[in-house]
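These notes are about the structure you will find just below.
The values are calculated or read from the model by the stated rules, or taken from the named source; none is laboratory data. A quick note: this is a predicted structure, and the numbers were derived from the prediction, not measured. No Cβ is skipped: glycine too gets one built from the backbone with ideal geometry, and neighbour counts run over all protein chains shown.
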Amino acid sequence: MPYQYILADLLARNEGAVGVLFLDDSGETIDVANSDFSPYQMKVVGAYVGIYLRQAQHFLADSGRGEVRWLHIEKETLHLYARPLPDGYYVVLVQRCPGLSGRARRTLDAACSQLSRELFGAA
């Protein structure tokens, strides 16, 4: 599947990255590329990020403020970056602190553009 290469490439391009998640519109993990965390640990992270994303989407929709374009959660030891794809899908990059946030955002943007073209035919 073409998206697996894109996820693995995103993981490899970010120093300190421990995983990349491909989530569906309900927050369920479709696929994962991981280095330090187990696939199970990454799925748990994905479930929680899915909850955050749904809450943010509801808040923005209810207040008429648009849609989620980026979600960055910074914890004591991890950065979590989420970006939407068409049809309610998301890509999440999980990186150890300290992380290079600018690089993570640029590489996640590029990966999301590739995934949008490959999977959804979007420009």
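Scanning region 52-70 for residues that are touching a helix residue (DSSP H, G or I) at 6+ places or on another chain (Cβ under 8 Å) and either of a type in the set (A, V, I, L, M, F, W, C) or crowded, with 17+ Cβ neighbours inside 10 Å (or both) yields Val68, Trp70. Does region 14-23 contain at least one residue that is on the phi < 0 side of the Ramachandran plot, surrounded by 13 or more Cβ atoms within 10 Å (Cβ to Cβ) and in a loop (DSSP other than H, G, I, E, B)? Yes, region 14-23 contains at least one residue that is on the phi < 0 side of the Ramachandran plot, surrounded by 13 or more Cβ atoms within 10 Å (Cβ to Cβ) and in a loop (DSSP other than H, G, I, E, B).
The set of residues from region 22-55 being within 16 Å of Asp87 (Cα to Cα) and of a type outside the set (D, E, K, R) comprises Phe22, Leu23, Ser26, Gly27, Thr29, Ile30, Gly50, Leu53.
Would you mind finding the one in Val49, Val44 that is assigned to a helix (DSSP H, G or I) and loosely packed, with under 15 Cβ neighbours inside 10 Å? Break it down stepwise before answering.
On the way: Val49 fails: loosely packed, with under 15 Cβ neighbours inside 10 Å.
Exactly one residue qualifies, and that residue is Val44.
Kindly establish whether Thr77 is touching a Lys or Arg at 6+ places or on another chain (Cβ under 7 Å) and buried (at least 19 other Cβ atoms within 10 Å of the Cβ). So Thr77 does not fit the description; no.
Return a yes/no flag: does region 99-106 have any residue that is modelled with pLDDT of 95 or more, under 18 Å from Pro2 (Cα atoms), of a type outside the set (S, T, N, Q) and out of contact with any Cys (no Cβ under 6 Å at 6 or more places or on another chain). Scanning region 99-106, I find no residue that is modelled with pLDDT of 95 or more, under 18 Å from Pro2 (Cα atoms), of a type outside the set (S, T, N, Q) and out of contact with any Cys (no Cβ under 6 Å at 6 or more places or on another chain), so the answer is no. The single condition among (1) surrounded by 15 or more Cβ atoms within 10 Å (Cβ to Cβ); (2) outside any loop (DSSP other than H, G, I, E, B); (3) more than 13 Å from the chain's Cα centre (by Cα) that Gln4 does not meet is (1). Under 8 Å between Cβ atoms, at least 6 apart or on separate chains: pull out the pairs that start in region 35-47 with a residue that is in contact (Cβ under 8 Å) with a residue 24 or more places away in the chain and within 15 Å of Ala17 (Cβ to Cβ) and end on any residue that is aromatic (Phe, Trp, Tyr) and assigned to a loop (DSSP other than H, G, I, E, B). If the second residue must be aromatic (Phe, Trp, Tyr) and assigned to a loop (DSSP other than H, G, I, E, B), the pairs left are Val45/Phe37. The residue of region 2-30 that is farthest from Leu119 (Cα to Cα), among those that are touching a Leu at 6+ places or on another chain (Cβ under 9 Å) and small (Gly, Ala, Ser), is Gly16.
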